[in-house]
Amino acid sequence: MKVFSTYDNGRLTVQLHGELDHHAVRDAAELIERLLAEYLPRSCVLDLGGLSFMDSSGIALILRVHRRMVGSGGRVWVEQAKGQPLRVLDAGGVERLVRIVAQKEAKRA
């Protein structure tokens, strides 16, 4: 699992690559928490385009970031989810809490 991030004008973008399972979530969560504390962004984009696999612990990570952002008055959304990770998000009903942006929408967000 690799995590890349960029920050620009109040928006933190976190790109996740590889497999997001219960082992990888611990490290990814710690890194994302540090990034959120460092930048205090108004919005956070979780770019899942580089994920080949995600289990329910990935949902827990997304909801953790959601709680953190809402608690600080910010917002979070997911971009570029596809394949198996998108099916996990759909099955988990994540879109009821966190916006999942399609590729066409992502360019405008």
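Farther than 18 Å from MET69 by Cα and either within 14 Å of the chain's Cα centre (by Cα) or of a type in the set (A, V, I, L, M) (or both): is that true of LEU51 in this structure? Yes; evaluated as a whole, the condition is true for this residue.
Residue pairs, Cβ under 8 Å, 6 or more apart or interchain, first in segment 68-96 and within 14 Å of GLU19 (Cα to Cα), second in a helix (DSSP H, G or I) and among the small types (Gly, Ala, Ser). List them. Matching pairs, first to second residue: PRO85/GLY58; VAL88/SER56; VAL88/GLY58.
Per-residue answers, yes or no, for (1) among the aromatic types (Phe, Trp, Tyr); (2) in contact with a His (Cβ under 6 Å, 6 or more places away or on another chain):
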{"site": "TYR39", "(1), (2)": "yes, no"}
{"site": "GLY50", "(1), (2)": "no, yes"}
{"site": "LEU61", "(1), (2)": "no, no"}
{"site": "MET69", "(1), (2)": "no, no"}
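Here VAL25 meets the list (1) out of contact with any Gly (no Cβ under 7 Å at 6 or more places or on another chain); (2) farther than 21 Å from ALA102 by Cβ; (3) among the β-branched types (Val, Ile, Thr) almost entirely, failing just condition (1).
When segment 33-62 is filtered for residues that are buried (at least 19 other Cβ atoms within 10 Å of the Cβ) and either without any contact (Cβ under 8 Å) to a residue 12 or more places away in the chain or under 19 Å from VAL94 (Cα atoms) (or both), the ones remaining, listed by number, are CYS44, VAL45, LEU46, ASP47, LEU48, LEU51, MET54, GLY58, ILE59, LEU61, ILE62. In the set (1) surrounded by 13 or more Cβ atoms within 10 Å (Cβ to Cβ); (2) in contact with a Ser or Thr (Cβ under 6 Å, 6 or more places away or on another chain); (3) among the polar types (S, T, N, Q), the condition left unmet by THR6 is number (1). Listed conditions (1) surrounded by 13 or more Cβ atoms within 10 Å (Cβ to Cβ); (2) over 20 Å from TYR7 (Cβ atoms) are all met by ASP90, apart from (1).
Bear in mind that the values in this text are calculations on the coordinates, not laboratory data. Because the structure is a prediction, the values reported are computed rather than measured. Heads up, the Cβs are rebuilt from the backbone with ideal geometry, glycines too, and the neighbour counts pull from every protein chain shown.
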